[in-house]
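Here's the structure we're looking at; comments come further down.
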């Protein structure tokens, strides 16, 4: 894999940070490429060098986080529920500005939808429909239930300003998931 110039990475990070900060301040529709350029302290042409437009930038930013969660899931699925949730809640904490903006922003409802779709797929793979306690339950219904509950608790935690540290949330959510699955 070719080595990427650190200046390019630095510019891309500044651009992504700028759009998230701006979205935390105003509606996405009201944000211009010039706003992003000014906030990131890069030329407009630099933005267009990496992204077709602000929608492409937002889409790539969302996809980057979904892919990161997919990578987390690769190794977290080998852990028990509590340890796996700790990895996720620590990730949410490290990326608080992104998640608080995406889950609260009316300009990015696609993030919540993609986050939920990702979780439903991941939970479907974890559900053991053959266990006695799951007899009669549909795998898709269980995946949807668990994914929706997880998105809801993450939204609550983020909107409340993370009132509990990640290890407490991981423990609480882990205990709930152990009761369901």
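All C-alpha pair distances within the range 1-76, sorted into 5 Å bins from zero, spread as 3, 15, 24, 23, 16, 10, 6, 3, 0 percent across the bins. Per-residue ellipticity at 222 nm computed for the chain from its helices equals -24500 deg cm²/dmol, with DSSP H segments shorter than 4 residues left out and the rest contributing -39,500 (n - 2.57). Sorting 10, 16 from the fewest to the most surrounding beta carbons within 10 angstrom yields 10, 16.
This ranking places 54, 124 by how few other beta-carbon atoms lie within 10 Å of each, fewest first, which gives 124, 54. For the pair the range 61-97 / the range 13-28, the C-alpha centres are spaced 22 Å from each other. Taking every alpha-carbon pair under 8 Å whose residues sit at least 6 apart, the chain reaches a relative contact order of 24 percent. Computed from the Cβ-Cβ distance with R0 of 25 Å, the FRET efficiency linking residue 71 to residue 7 stands at 0.50. Averaging sequence separations of C-alpha pairs under 8 Å and six or more residues apart, then dividing by the length of the range 1-80, give the relative contact order as a whole percent. For the range 1-80, the relative contact order is 26 percent.
None of the figures in this text is laboratory data; all of them are computed from the coordinates on show. These numbers were taken from a predicted model, which means no experiment stands behind them. For neighbour counting, all protein chains shown are included, and Cβ atoms are generated from backbone atoms with ideal geometry for every residue, glycine included.
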